[in-house]
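Only the coordinates and a few stated rules stand behind these numbers; no lab work does. Please read these numbers as outputs of a predicted model, since none were measured by experiment. Glycine gets a Cβ as well: all are built from the backbone with ideal geometry, and neighbour counts include every protein chain shown.
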Amino acid sequence: MEYEIRHIRQDEWSLLEDFLYEAIYVPEGFEGEIPRSVIFDDPKCRAAFEGFGSLADDRAVVAEVGSEVVGACWVRTTDEYGHIDNDTPSFSISLYPSYRSQGIGTAMMRALLDELRDAGYVRASLSVQKENPALRLYERLGFQIIGDGFDETEWLMAKDLQST
């Protein structure tokens, strides 16, 4: 599949709400639907997209297939899941389900990791549910578990950007 990784445009910032909702891990066997309101009701979720573009550290790339944006990867230094400190950008990433497991997420993360490294950031962080298969992707990209995340169901991970 051919795709392009590019910087998000300002008129696409609202897509981050959709992609944050898509990023919610749904465990195997879960019956029902996660209400979309969770991304607005949870302050840590809302911090991942609300006011995007207003902070100097806000950076994002999207994956485009044809003329459709099918995924997004972005970082912020707000108090969201994965937040370590105000100097460490934390990642959010997702793709629409039919575009997962095809290397697109890896390409988006690599592009943003390279950009952060070139900009002089020391490390990046993220959080991931302990049962989420994306954990393997993050480990392949050099993220290491540094402890529990917000609660015991998730890992907090970090990657040193200046040693590679």
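With contacts taken as Cα pairs under 8 Å at a separation of at least 6 residues, region 84-129 carries a relative contact order of 63 percent.
As a proxy for reagent exposure, 34, 84 were ordered by neighbouring Cβ count within 10 angstrom, fewest first; the result is 34, 84. Taking other C-beta atoms within 10 angstrom as a stand-in for reagent exposure, 85, 160 fall in the order 85, 160, fewest first. Considering all different alpha carbon pairs of the chain, the Kirkwood hydrodynamic radius works out to 15.9 Å.
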